[in-house]
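A.B. asks: Handing you this structure, nothing more for now.
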Amino acid sequence: MKLLVAVKRVIDYNVKVRVKVDETGVETSNVKMSMNPFDEIAVEEAIRLLENGTASEVVAVSMGVQQCQETIRTALAMGADRGIHVKTDEELQPLAVAKLLSKIVEHEKPDAVILGKQAIDDDSNQTGQMLAGVLGWSQGTFASEIVLTNSKVNVTREIDGGLQTIAINLPAVITTDLRLNEPRYASLPNIMKAKKKEIVEMTPEGLGVDITPRLTTLKVTEPPKREEGIKVETVSELVEKLKNEAGVI
């Protein structure tokens, strides 16, 4: 069973995001970048399936600028077998990513595609669902547990009322949630081995996909700063301020 895992290069979750002076986006120059945490969980799950003999090959895919190969190398160091890089300097929105992934799926013919439920930069939560729609495949979203067999996969999802387990047919698209697993740290020997693993480079033009953005960002601004709170001495003073100053009662 072959697994395809999509990984995205994003601003590291520990970094405080800063808006550009011209308000066209967020600052990425000289900012630490890393693999999207949800995608890291997807890679870990694929590697575990490889280690227990359920999967026979794991292919990591990333799209974007040249530096995305560093993200692929991280997946390779974790245990993925090889990588694919769709190189472009253009902005990639979820539908374009889904279409590019569908072309790679047609070529690679994996049994399942695993990816994070969303990226922490745009929080779109759209690519997995769009990919399933483009391919006409089954989908299991927000997976907190995955059990793969030869022809089916059981996906446990966290919902408002508890846990929901669905059985879907392969091939399938699965998106991962936080509690699925805890990603491993790549060991130094595996990091060295990853440098020798194959990364195939492609382009959107070569795949025949139009990646023209469907949405235009008009402006990006900082959220308003929260005003400093005050302390009150009595309940009556609190009620008075809520009524006359805050206007909430």
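The values are calculated or read from the model by the stated rules, or taken from the named source; none is laboratory data. Just so it is clear, the structure is predicted and the values come from calculations on it, not from any experiment. With ideal geometry, Cβ positions are generated from the backbone for all residues, glycine too; neighbour counts draw on all protein chains shown. When the accessible area is computed, the model is the full protein with side chains, heavy atoms only, and any ligands, DNA or RNA have been set aside. Shrake-Rupley method; radii C 1.70, N 1.55, O 1.52, S 1.80 Å.
A.B. asks: Considering only residues of the range 166-199 that are of a type in the set (D, E, K, R) and under 22 Å from Lys8 (Cβ atoms), which is least open to solvent (accessible area, probe 1.4 Å)? Give the derivation first.
C.D. replies: Here is the first cut: in the range 166-199, the ones of a type in the set (D, E, K, R) are 177, 179, 182, 184, 193, 195-198.
Subsequent filtering for residues that are under 22 Å from Lys8 (Cβ atoms) retains 177, 179, 182, 184, 195, 197-198.
On the way: Asp177: 17, Arg179: 153, Glu182: 145, Arg184: 70, Lys195: 132, Lys197: 58, Glu198: 107 Å².
Ranking the candidates gives Asp177 first.
A.B. asks: If I filter the range 18-30 for residues that are of a type in the set (A, V, I, L, M, F, W, C), open to solvent by 10 Å² or more (accessible area, probe 1.4 Å) and touching a Pro at 6+ places or on another chain (Cβ under 8 Å), do I get at least one hit? Outline the logic, then answer.
C.D. replies: At the first step, the residues of the range 18-30 found to be of a type in the set (A, V, I, L, M, F, W, C) are 19, 21, 26.
Filter once more, so that each one left must be open to solvent by 10 Å² or more (accessible area, probe 1.4 Å): 19, 21, 26.
So of that shortlist, the ones also touching a Pro at 6+ places or on another chain (Cβ under 8 Å) come out as none.
No: the range 18-30 contains no residue that is of a type in the set (A, V, I, L, M, F, W, C), open to solvent by 10 Å² or more (accessible area, probe 1.4 Å) and touching a Pro at 6+ places or on another chain (Cβ under 8 Å).
A.B. asks: Now, a different point. So the check is Cβ under 6 Å with 6+ separation or different chains; which pairs have a first residue in the range 1-30 that's under 30 Å from Ile47 (Cβ atoms) and in contact (Cβ under 8 Å) with a residue 40 or more places away in the chain and a second one that's among the polar types (S, T, N, Q) and assigned to a strand (DSSP E or B)?
C.D. replies: Pairs that qualify, where the first residue is under 30 Å from Ile47 (Cβ atoms) and in contact (Cβ under 8 Å) with a residue 40 or more places away in the chain and the partner is among the polar types (S, T, N, Q) and assigned to a strand (DSSP E or B), are Val7/Ser62.
A.B. asks: Based on what the data block shows, is Thr221 modelled with pLDDT under 95, exposed (fewer than 14 other Cβ atoms within 10 Å of the Cβ) and more than 30 Å from Ala96 (Cβ to Cβ)?
C.D. replies: On the way: modelled with pLDDT under 95: yes; exposed (fewer than 14 other Cβ atoms within 10 Å of the Cβ): yes; more than 30 Å from Ala96 (Cβ to Cβ): no.
So Thr221 fails the test.
A.B. asks: Oh, and also: Out of the residues in the range 32-42 that are farther than 19 Å from Leu100 by Cα and touching a strand residue (DSSP E or B) at 6+ places or on another chain (Cβ under 6 Å), which is most open to solvent (accessible area, probe 1.4 Å)?
C.D. replies: Among those residues, the one meeting the criterion is Met33.
A.B. asks: Does Val232 satisfy the criteria of being free of Cβ contacts under 8 Å to residues at least 24 places away in the same chain and out of contact with any Asp or Glu (no Cβ under 6 Å at 6 or more places or on another chain)? Spell out how you get there, then give the answer.
C.D. replies: Numbers: free of Cβ contacts under 8 Å to residues at least 24 places away in the same chain: yes; out of contact with any Asp or Glu (no Cβ under 6 Å at 6 or more places or on another chain): yes.
When the stated conditions are applied, Val232 passes them.
A.B. asks: Would you list the strands (runs of 3 or more DSSP E) that sit entirely within the range 141-225 and hold 3 or more residues that are out of contact with any Gly (no Cβ under 6 Å at 6 or more places or on another chain) and farther than 20 Å from Leu95 by Cβ? Quick ask: steps written out before the conclusion?
C.D. replies: On the way: elements: 152-159, 162-169, 172-176, 199-202.
It comes to 152-159, 162-169.
A.B. asks: Among the residues that make up the range 143-155, is at least one of them touching a Lys or Arg at 6+ places or on another chain (Cβ under 7 Å) and under 26 Å from Val97 (Cα atoms)? Show your work before the answer.
C.D. replies: Within the range 143-155, the subset touching a Lys or Arg at 6+ places or on another chain (Cβ under 7 Å) is 143-144.
Right, trim to under 26 Å from Val97 (Cα atoms) and you get 143-144.
Yes: the range 143-155 contains one or more residues that are touching a Lys or Arg at 6+ places or on another chain (Cβ under 7 Å) and under 26 Å from Val97 (Cα atoms).
A.B. asks: Next up: Across the range 188-209, what is the number of residues that are in contact (Cβ under 8 Å) with a residue 40 or more places away in the chain and not hydrophobic (A, V, I, L, M, F, W, C)? Before you say what the answer is, go through the steps one by one.
C.D. replies: Step one: of the range 188-209, the residues in contact (Cβ under 8 Å) with a residue 40 or more places away in the chain are 190-191, 193-195, 197-204, 207-209.
Of the ones still in play, those that are also not hydrophobic (A, V, I, L, M, F, W, C) are 190, 193, 195, 197-198, 201, 203-204, 208.
Of the residues in that region, 9 qualify.
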